[in-house]
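Please read the structure below before turning to the comments.
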Amino acid sequence: VQLQASGGGLVQAGGSLRLSCAASGRSISSYAMGWFRQAPGKEREFVAAMGWSNDNTRYADSVKGRFTISRDNAKNTVYLQMNSLKPEDTAVYYCAARSSGLHSDVALRYNYWGQGTQVTVSS
């Protein structure tokens, strides 16, 4: 599975962005998908994840109520809708896929990773 993340950019605080993660190589409909982020000088941290079932989602406390993960199996793509963005959301965002289908907040449990997309939120 190859993952290509896109949609990052520069946005003012309070604004919105939608990240996309397009998969190729095989269908990800049975995969769990996750989003992680890494800010300069910090470790990679969990943001959101979705199990193979679309109603099975999990969020970091820092983004709960502001971010929404979703998937379109017909397009083999996963999205991260980010609203009410804050400067502390600034990071490189990575999408990841886990073949077991069970979502997790642990990066090591994901088998495939995209290249990352930069999100910068100005104050």
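The values are calculated or read from the model by the stated rules, or taken from the named source; none is laboratory data. As the structure is a computational prediction, the values presented were derived from the model and not from experiment. Here the Cβ positions follow ideal geometry from the backbone for every residue, glycine too, while neighbour counts run over all protein chains shown. We work out accessible area using only protein heavy atoms, side chains counted, and drop any ligands, DNA or RNA first. Shrake-Rupley method; radii C 1.70, N 1.55, O 1.52, S 1.80 Å.
Amide H to amide H, with H built 1.01 Å from N, Arg71 comes under 5 Å of Tyr79, counting only residues 5 or more places away or on other chains. Per the Cα gyration tensor, the chain maps to an equivalent ellipsoid with semi-axes of 22, 14, 14 Å, ordered largest to smallest. Of the accessible area of the chain, computed with a 1.4 Å probe over protein heavy atoms only, carbon and sulfur atoms account for 46 percent. Computed from point charges on the beta carbon alone (+1 for Lys and Arg, -1 for Asp and Glu), the dipole magnitude for the stretch 1-108 about its Cα centre is near 160 Debye. Protein heavy-atom accessible surface, 1.4 Å probe, per residue over the chain: 50 Å².
Convex hull volume per residue, computed on the Cα atoms of the stretch 51-113, equals 103 Å³. Between the stretch 33-69 and the stretch 86-123, what is the separation of their alpha carbon centroids in Å? Computed from Cα coordinates, the inter-centre distance equals 7 Å. Sequence-distant contacts, meaning Cα pairs under 8 Å at least 6 residues apart, place the relative contact order of the stretch 1-89 at 32 percent.
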